[in-house]
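Worksheet for the structure shown next.
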Amino acid sequence: MSRVYNFSAGPSCLPEEVLKECAAEMMDYNGSGQSVMEMSHRSKVYQEIIDHAEAQVRKLMKVPENYKVLFLQGGGSTQFAMVAQNLGIHTHKAAYIKTGVWAKKAAAEAKKLGIEVTEIASSEDKNFSYIPRVEKIEGDYDYAYICFNNTIMGTHYEYIPDTGKIPLVADISSCVLSEELDVSKFGLLFAGAQKNLAPAGVTLVIIREDLITETPLPGTTTMNTYKTHADNGSMYNTPPCYTIYVLGKVLDWIEKKGGAAGIHKLNVEKANYLYDYLDKSDFYHATAEKGSRSLMNVPFLTKYSNHAADDEAAAAKEKEINDKFVKESTAAGLVNLKGHRLVGGMRASIYNAMPLDGVKALVAFMEKFAKENA
Ligand SMILES: *Cc1c(COP(=O)(O)O)cnc(C)c1O
């Protein structure tokens, strides 16, 4: 068996220990004579699995008593609408901070639903390479919305805006459980699982109970109403059973690493190893500004990106170098490093499950590539 180091932005690598456990239990889960894939979600044995997953979310994220933990489907993208449908119900006004693609998509979805969206800050002036500083959010907004870690731009909030009584909603898809987070500062948190928690298929939602309404926006479907899922223990319909099972195991793995604080320490060590190299290199540079840098997603460019926008020959050379980097790194067992088209260059996603050795292997490859292409 030969495994690669996978730097994909999502779905992304999972801890090997977890994959091995899943494999060992594939044919017969815990003496049940069935795979978890085959079980009735209404069975006692499955109820224990989903209860364990929820208990681990509560324990590791220190979720206060007055919050519900839900396992939903439809990805982070469905939350863009559900947030507006279930929270945007009084003044129909919401404040959004625009920090990149995912925040923009969320705002666009709210607008579609008739919410009056106010963009209270943006970092579009510098291609979203930083997080704007918004100390305080005030107004008659139903909610305020932020994307806490911007997967494409490689930026992350180093503070939590003070919204007073306005419920703060945060998309934490690409940073959930990569660090400690004070859940009580938020009204609602959500995360698609495929970056830091599990395979694709489940979305974790943590919602303060007073925000679970019986009267969402008119026309909101049963499935898009948080109350439906809160009242039925995330089992109103068939949940993504297997994914939730893997999620529980990933959280057990995080617990063994010292929980949110322990994994955060490892993540800082990994990210610093890469950023330190980028900052001292004269061949590469990180695109995200210091003070806003993500521990999870690290986009970077080469010196060949420093050219005038209309210099076609230089642009062709830049593309040639980037393509070569991706091709050679893939051959070296370092995969999915191609950058997002909105940033260009390369991007290394180094989620919880990426070991420090993977980052060290990447930096060693980068050094060699820089020498050969100087
Ligand atoms: C990946 C991602 C999404 C979209 O998630 P889906 O599950 O694909 O809908 C939303 N927000 C952020 C921050 C993401 O990284």
Query - Residue within region 347-355 that is modelled with pLDDT of 95 or more, within 20 Å of the chain's Cα centre (by Cα), assigned to a loop (DSSP other than H, G, I, E, B) and of a type in the set (F, W, Y) present - result: yes
Query raised in the report: For region 9-38, which residues satisfy the criterion of being crowded, with 18+ Cβ neighbours inside 10 Å and closer than 17 Å to N352 by Cα?
Result: A9, G10, S12, C13, L14, P15, V18
Query raised in the report: When you go through L113, L72, L87 one by one, which is the residue that is modelled with pLDDT of 95 or more and within 16 Å of the ligand (Cβ to nearest atom)?
Result: L72
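Okay, residues lined up against (1) farther than 26 Å from A271 by Cβ; (2) of a type in the set (V, I, T); (3) in a loop (DSSP other than H, G, I, E, B); (4) touching a Leu at 6+ places or on another chain (Cβ under 9 Å):
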position	(1), (2), (3), (4)
Y96	yes, no, no, no
A108	yes, no, no, no
Y145	no, no, no, yes
S178	no, no, yes, yes
F190	no, no, no, yes
Query raised in the report: Restricting region 256-293 to residues that are closer than 26 Å to I146 by Cβ and of a type in the set (D, E, K, R), which is nearest to the chain's Cα centre (by Cα)?
Result: R293
Requested in this report: Mind listing whichever residues of region 160-215 are over 21 Å from E65 (Cα atoms), surrounded by fewer than 21 Cβ atoms within 10 Å (Cβ to Cβ) and not hydrophobic (A, V, I, L, M, F, W, C)?
Outcome: D162, P199, T215
Query - Number of the exception - L87 against (1) touching a Leu at 6+ places or on another chain (Cβ under 7 Å); (2) under 26 Å from I254 (Cα atoms) - result: (2)
Query raised in the report: Just checking, how many residues over region 30-77 are farther than 19 Å from Y236 by Cα and of a type in the set (D, E)?
Result: 1
Query raised in the report: Given E179, E214, E138, E158, which one is of a type in the set (D, E) and under 14 Å from the mean Cα position of the chain (by Cα)?
Result: E179
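The values are calculated or read from the model by the stated rules, or taken from the named source; none is laboratory data. Given the structure is predicted, the values throughout are model-derived calculations rather than measurements. No Cβ is skipped: glycine too gets one built from the backbone with ideal geometry, and neighbour counts run over all protein chains shown.
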